[in-house]
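Each reported figure results from applying straightforward, stated rules to the coordinates on display, with no laboratory input. Being a predicted model, the structure only gives us computed values, none of them experimental. Ideal geometry is used to build each Cβ from the backbone, glycine not excepted, and the neighbour counts take in all protein chains shown.
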Amino acid sequence: MAQITVNIDGKSYRMACEEGQEEHLTELAGKFDRYVAHLKGEFGEIGDLRITVMAGILVMDELSEAQRKLSGLESESSSLKKTRDTALARVDEADDRLAKTLAHVTDQVERIATKLEKS
């Protein structure tokens with residue numbers, strides 16, 4: 001396991017993560033630190049724990065909104081796939097009807113050609 005140090009609100013925290021995830025964890029900590037800094041700028045020094053809880057709630061709110069949007073997009077994608085599948089089935093049916101019609105017309109043309117050759 002890898003070990004890194006992240007800084008949040010001017011404090012260093014030693015953390016463990018999987019090998020190769022160090023940069024990702026550092027980026028996440030940086031984003032969280034920006035939440036904390038934003039809240040401190042808005043509300044002042046109201047206590048480390050309270051600021052951290054507020055930042056966590058903001059993050060969870062964004063996550064909840066992202067999940068709601070993802071759910072909507074998945075639903076829309078499913079609906080579009082069903083519409084596409086229905087349209088493709090109709091195209092296949094139309095292709096089959098067209099092929100049958102062309103075969104019928106070809107037979108008629110061949111019969112007419114045969115009659116004309118005999119005359």
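The fewest-to-most ranking of M54, M15 by surrounding Cβ atoms within 10 Å reads M15, M54. Checking (i) 33.1, 106; (ii) 20.4, 70; (iii) 13.9, 43 against the coordinates, the calculated Rg and Dmax of the Cα atoms in Å falls under label (i). Grab the beta carbon distance between H24 and V59, set R0 = 25 Å, and tell me the FRET efficiency rounded to 0.05. It comes to 0.95. Ranked for footprinting exposure by Cβ neighbours inside 10 Å, fewest first, F43, F32 give F43, F32. For the chain, the longest principal axis of the Cα atoms and the long axis of helix 48-118 meet at an angle of about 10 degrees. For segment 2-118, the residue among L70, I4, Q108 whose Cα projects farthest onto the positive side of the dipole built from Cβ charges is Q108.
Positive contributions from Lys and Arg (+1) and negative ones from Asp and Glu (-1), summed over other residues with Cβ under 12 Å from the Cβ of R90, come out at -3. In loop segments of segment 6-38 as defined by DSSP, the GluC sites (Glu not before Pro) with at most 14 further C-beta atoms inside 10 Å of their C-beta are E18, E19. Using only side-chain charges placed at the Cβ, +1 for Lys and Arg and -1 for Asp and Glu, the dipole size of the chain relative to its Cα centre rounds to 640 debye. Helix 22-43 axis versus longest C-alpha principal axis of the chain: approximately 60°, rounded to the nearest ten.
For the pair T5 and D107 in one chain, pulling the backbone fully straight at 0.36 nm per residue adds 28.6 nm over the alpha carbon distance.
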